[in-house]
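Single-structure report; data block below.
The values are calculated or read from the model by the stated rules, or taken from the named source; none is laboratory data. Predicted model, so just to flag it, every value in this text is computed and none were measured. Don't worry about glycine lacking a Cβ; one is built from the backbone with ideal geometry, like all the others, and counts go over all protein chains shown. Note: areas computed on protein heavy atoms with side chains; ligands, DNA, RNA excluded. Shrake-Rupley method; radii C 1.70, N 1.55, O 1.52, S 1.80 Å.
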Amino acid sequence: MTATDLTSSSGNPSEAAPPASRGPGAPVRREGRPGAVFVRATVGAGVLLVAGGTLVGAWFMPFVVALALGVLGRISGTGRRLQVAAAALAGVLGWSLPLVWLFVGDAPVGAVAATTAALAGLPPLAAVTVAATLLVALIQSLVGLWLGRTLTPTPKGGTADAAAEERGASLVGAPVGGPGSPSGPDAATDSRLPEGGA
């Protein structure tokens, strides 16, 4: 293949012929998806909301923020993995910031955490209580995200996932075998098969 094969008849590479159409097994290219922008924006806002709510005693803020992220993510067509990452980061970081703030402000966070762990029958280590606390934030976030995605209908207009499912459904009736094979479209009229028996 020469360089002129890749260009148009005028020799300009920008006017090259469009690529051949993808086959049925090719992955769907997701164009125009918010992706990383969605994660950055929602994690930043979510961390601030969760941290602010935690400081005033609203311990349920990871759930509320993740619920909103699930709704917004479904409407915007953001992928499920990105939504899970955004919700988890917002919940865990949102609960981590007040702990760090209290620790830096000379509050007895470590002593209280160690005492809480001992009272719960766990090893009297502050890290155990902090890890359990952040796990609760993560669980709240995942449940809120799931509920938000479940309650929000898929927007019309066709996301890439819907297009892939539609294309897969159109291939269900396609013939599998060739013209000569018994499973092909000519199996009923194949002259090599006997009329009345196997």
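Among the protein heavy atoms of region 41-98, carbon and sulfur supply 80% of the accessible surface, probe 1.4 Å, non-protein parts ignored. The listed residues PHE60, PHE38, once ranked by accessible area (1.4 Å probe) with the largest placed first, stand as PHE60, PHE38.
Extension gain for LEU48-ALA127 works out to 26.1 nm (0.36 nm per residue, less the C-alpha to C-alpha distance). Taking each residue as 0.36 nm, the span from ARG80 to ALA120 lengthens on full extension beyond its C-alpha to C-alpha distance by 10.9 nm. A simple count of charges around LEU142, restricted to other residues whose Cβ falls under 14 Å of its Cβ and scoring Lys, Arg +1 and Asp, Glu -1, yields +3.
Ligands, DNA and RNA are left out, and with a 1.4 angstrom probe the accessible area of region 53-130 is 57 Å² per residue.
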